[in-house]
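Undergrad: What follows is a single structure, and I will ask about it in a moment.
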Amino acid sequence: MASKSFQLVIEKFFTPGAIVEISGEDDGFRGSWYEGTVIRRLKKNKILVEYKDLTEDDGKQRLTEVVDAVQLRPLPPRESPDRNFALNEEVDCLYNDGWWEGVVTKVLEDGKYAVYFRVTREQMEFGRCDIRLHREWLHEDWNPPLEVEPEDQFMPSFESSAFIAIDISVHLVDASLKIAAFCAFI
């Protein structure tokens with residue numbers, strides 16, 4: 001029997017219609033997550049889900065499956081599209097309709113990375129847009145948390161208004177220089 005707190009998590013995050021990720025538990029799918037929708041909750045912490053990108057054997061209908069609630073999590077937060085990843089950083093890579101857990105083994109040119117997958121013992125290359133930071137969903141929160149830009153946390157006060165004006169003018173000059181350089185390039 002699941003704890004009362006786990007039941008509250010199920011009721012809060014896994015309601016019918018909720019978009020979730022489903023952990024691949026079958027052989028050959030461990031270490032992967034697939035997007036889907038909660039159809040309904042069943043007894044004993046079982047949940048009927050419909051996968052977004054996986055289909056039945058006929059290739060026409062979306063795959064539906066009964067999974068245990070521990071195989072589900074809400075959609076993780078997305079990175080900034082221009083985020084860079086570091087050597088040895090744990091990441092998830094979009095491959096074969098799912099997100100697979102891996103480790104960055106090389107930082108390549110043009111926003112590409114070599115990623116090693118421990119489960120399959122393979123290394124493959126991915127572009128930045130197909131990689132996200134690996135996160136675990138623990139106690140109703142993401143670990144590590146989504147990175148927040150320092151300026152998003154900054155709340156200006158009257159005393160800081162002079163610094164804001166300077167910062168804005170610097171950004172405007174910087175933007176003008178970039179536009180001028182771009183136009184010269186064309």
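The values are calculated or read from the model by the stated rules, or taken from the named source; none is laboratory data. Keep in mind it's a predicted model, so treat the numbers as computed, not measured. Don't worry about glycine lacking a Cβ; one is built from the backbone with ideal geometry, like all the others, and counts go over all protein chains shown. Please note that ligands, DNA and RNA were not included when accessible areas were found on the heavy atoms of the full protein model with its side chains. Shrake-Rupley method; radii C 1.70, N 1.55, O 1.52, S 1.80 Å.
Undergrad: Given the conditions (1) on the phi < 0 side of the Ramachandran plot; (2) surrounded by fewer than 17 Cβ atoms within 10 Å (Cβ to Cβ), report the number of the one that Asp110 does not fulfil.
TA: In the conditions (1) on the phi < 0 side of the Ramachandran plot; (2) surrounded by fewer than 17 Cβ atoms within 10 Å (Cβ to Cβ), Asp110 misses (1) alone.
Undergrad: Also: Sort out which residues of region 125-136 are surrounded by 15 or more Cβ atoms within 10 Å (Cβ to Cβ) and over 11 Å from the mean Cα position of the chain (by Cα), and write them in order of number.
TA: Phe126, Arg128
Undergrad: Exactly one of (1) at pLDDT 95 or above; (2) surrounded by fewer than 17 Cβ atoms within 10 Å (Cβ to Cβ) is unmet by Val104. Its number?
TA: With (1) at pLDDT 95 or above; (2) surrounded by fewer than 17 Cβ atoms within 10 Å (Cβ to Cβ) applied to Val104, the lone miss is (2).
Undergrad: While we're looking at this one, here's another question. Determine if region 25-32 includes at least one residue that is surrounded by 13 or more Cβ atoms within 10 Å (Cβ to Cβ), in a strand (DSSP E or B) and basic (Lys, Arg).
TA: So far as region 25-32 goes, no, none of its residues is surrounded by 13 or more Cβ atoms within 10 Å (Cβ to Cβ), in a strand (DSSP E or B) and basic (Lys, Arg).
Undergrad: Hey, Gln7 hits all of (1) part of a helix (DSSP H, G or I); (2) open to solvent by 90 Å² or more (accessible area, probe 1.4 Å) but one; which does it fall short on?
TA: So Gln7 meets the others, but not (2).
Undergrad: How many of the residues making up region 54-87 are of a type in the set (A, V, I, L, M, F, W, C) and outside any strand (DSSP E or B)?
TA: 6
Undergrad: When you scan region 16-32, do you find a residue that is at pLDDT below 85 and touching a helix residue (DSSP H, G or I) at 6+ places or on another chain (Cβ under 8 Å), even just one?
TA: Yes, some residue in region 16-32 is at pLDDT below 85 and touching a helix residue (DSSP H, G or I) at 6+ places or on another chain (Cβ under 8 Å).
Undergrad: List the residue pairs whose Cβ atoms are under 8 Å apart, where the first residue sits in region 5-27 and is closer than 18 Å to Leu138 by Cα, the second is open to solvent by 50 Å² or more (accessible area, probe 1.4 Å) and in a strand (DSSP E or B), and the two are 6 or more positions apart or on different chains.
TA: Within 8 Å, the pairs are Ile10/Arg41; Phe14/Arg41; Ile19/Glu35; Val20/Glu35; Glu21/Glu35; Ile22/Glu35; Ile22/Glu65.
Undergrad: Can I ask one more? Would you pick out the residues in region 80-101 that are in contact with a helix residue (DSSP H, G or I) (Cβ under 9 Å, 6 or more places away or on another chain), open to solvent by less than 80 Å² (accessible area, probe 1.4 Å) and not hydrophobic (A, V, I, L, M, F, W, C)?
TA: Selection gives Arg83 alone.
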